[in-house]
Amino acid sequence: MKKIVLLTILAFSLFSCSSNVDLAIDNPTDTPVIVKIDTLTVEIPARQVVWVEMGKGEHQITLENDSVVKFDFQNSLYMINPTLSEYLKFEEFYGDAMSQAMYKSSIPLQNVKFLGTEFEGNFEVVKNLINPVTWDCGPREALPEMVEVEEGDNYTTLTKLCDVREFIQMVQSESPAESEEPEMDLESAVE
């Protein structure tokens, strides 16, 4: 019996302490991008994410312009942004109005500049090459309409990272049709 318990504990500890790192290499542009991770060449199709698994530790990323970045990957999940595009991170609240009045975002209220426009809110701009994943829904992943809230809780939040196209589509879909503000031009904003 002792041997079974020890083997179970050993197996659990091996599986819970993964030595692997998952990379989500995102390309929000209209053209394919090529990235090299150590000796592995990866083509990321337009508006797609390609996943790469590797061991923890130092690795070398080579971009299309031949710039090389060495990074010590220690977390289990990162997003690689080879186009150095801007993304906007925000939280989506799920709960009743009373709970929302008491809710405090984990993203501080601040002025951010996104798409050349400055605005205030609980937002964070993500634009680095290497980004530890701190969000629940990545680029081009839709937030759910409803979520299940844990028993005893009144609300929950999900953190969303959106690319330029998603942001423009969200703004346009939430704007009243008879608004006097000019519509954002998707093509010029993405360029």
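Brief remarks on what is shown
- Straightening the chain between Gln169 and Glu148 buys 4.9 nm, computed as 0.36 nm per residue apart minus the Cα-Cα spacing.
- Residues in the stretch 126-166 reached by a label modelled at Gln110 [backbone nitrogen below 11 Å; 7 Å Cα→Cβ]: 126
- Over 21 Å (Cα to Cα) - which of Lys56/Lys127; Lys56/Lys89; Lys70/Lys160; Lys70/Lys113; Lys89/Lys113 fall in this group: Lys56/Lys127; Lys56/Lys89; Lys70/Lys160; Lys70/Lys113
- Length released on extending from Thr156 to Ala101, taking residue separation times 0.36 nm less the Cα-Cα span: 18.5 nm
- Nearest-0.05 FRET efficiency for Glu53 and Glu92, computed from C-beta distance (R0 22 Å): 0.15
- Fully extending the segment from Ser19 to Leu77 would add 19.7 nm, taking 0.36 nm per residue of separation and subtracting the current Cα-Cα distance.
- In this Cβ point-charge picture (+1 for Lys and Arg, -1 for Asp and Glu), the stretch 32-191 has a dipole of about 740 debye about its Cα centre.
- In this label model, Asp66 and Cys137 are separated by 4.2 nm, measuring between points 7 Å along each Cα→Cβ vector.
Laboratory data are not the source of any read-out in this text; all were calculated from the coordinates shown. Bear in mind the structure is a predicted one, so any value in this text is a computation, not a measurement. All Cβ positions, glycine included, derive from the backbone under ideal geometry; neighbour counts span all protein chains shown.
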